[in-house]
Amino acid sequence: DAWRYVTSDRAVRGPDGYVTLLGRDADTLDVGQAAYGTAVVERVVSALDGVTEVAVVAISEDDEVAAYVSCDRSSTDPDALAGRVRARVAREISPAVRPNRVIIVPELPKTHSGKVMRRLLADVVSGRGYGDTSALRNPEVVGEIETVTRRQE
């Protein structure tokens with residue numbers, strides 16, 4: 001009966017009473033009977049040596065997940081890095097949310113305010129047209145991302 005302020009963020013309250021934000025409600029991966037926050041998966045992947053940035057998106061309605069990963073120059077073997085990403089997510093979160101595809105990209109598409117444009121990544125990996133890129137500060141990277149994504153199919 002109390003008044004609530006709806007932020008569209010997902011959070012959990014721990015036994016200690018602290019609230020942990022899991023990410024935006026819209027930024028979830030619905031896999032099987034569970035929903036996982038993309039921020040949780042991204043935090044696990046970004047802790048790997050060599051990973052500089054990561055964005056996780058749903059590929060389709062078929063419970064498939066893609067992880068777009070940019071890495072530093074010391075990470076020269078993309079197959080080994082992809083294997084490490086999959087293994088870590090399966091071990092630390094759940095095998096159900098292990099990325100079906102790990103796509104190594106030079107950088108992630110970002111708006112002028114620095115937010116990663118996940119919608120665009122989801123469109124590229126799902127084979128949909130991605131439309132207007134004028135809100136990006138680095139629109140040139142979209143063509144590179146699309147090329148890398150298609151090459152890894």
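The values are calculated or read from the model by the stated rules, or taken from the named source; none is laboratory data. Here the structure is a predicted model, which means the values were calculated and not measured. As a convention, Cβ positions derive from the backbone with ideal geometry for all residues, glycine included, and neighbour counts pool all protein chains shown. For the accessible areas, the whole protein counts, side chains as well, though only heavy atoms, and no ligand, DNA or RNA atoms are used. Shrake-Rupley method; radii C 1.70, N 1.55, O 1.52, S 1.80 Å.
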The one condition Ala80 fails out of (1) of a type in the set (A, V, I, L, M, F, W, C); (2) modelled with pLDDT of 80 or more; (3) under 30 Å from Asp132 (Cβ atoms) is (3)
Taking the range 131-149 and the residues there that are outside any helix (DSSP H, G or I) and open to solvent by 70 Å² or more (accessible area, probe 1.4 Å), the one that is modelled with the highest pLDDT would be Arg137
Hey, any hits in the range 97-111 for a residue that's free of Cβ contacts under 8 Å to residues at least 24 places away in the same chain and over 14 Å from Thr38 (Cβ atoms)? no
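Quickly run through the range 65-92 and pick out the residues that are in contact (Cβ under 8 Å) with a residue 12 or more places away in the chain and open to solvent by 70 Å² or more (accessible area, probe 1.4 Å).
Ser74, Arg84, Arg86, Glu92
Please find, among Pro99, Pro95, Pro106, the residue that is touching a Lys or Arg at 6+ places or on another chain (Cβ under 8 Å) and either of a type outside the set (S, T, N, Q) or open to solvent by less than 80 Å² (accessible area, probe 1.4 Å) (or both).
Pro99
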Do you know which residues across the range 87-110 are assigned to a helix (DSSP H, G or I) and under 13 Å from the mean Cα position of the chain (by Cα)? Val89, Val97
Within the range 120-130, identify whether any single residue is assigned to a loop (DSSP other than H, G, I, E, B), open to solvent by 20 Å² or more (accessible area, probe 1.4 Å) and touching a Leu at 6+ places or on another chain (Cβ under 8 Å), and answer yes or no. yes
Selection from the range 62-105 of residues within 15 Å of Gln152 (Cα to Cα) and of a type in the set (Lys, Arg) yields Arg101
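Tell me the strands (runs of 3 or more DSSP E) entirely within the range 18-58 that contain at least 1 residues that are modelled with pLDDT of 90 or more and open to solvent by less than 20 Å² (accessible area, probe 1.4 Å).
Numbers: elements: 19-24, 28-31, 34-37, 51-58.
Of the strands (runs of 3 or more DSSP E) lying wholly inside the range 18-58, those with at least 1 residues that are modelled with pLDDT of 90 or more and open to solvent by less than 20 Å² (accessible area, probe 1.4 Å) span 51-58.
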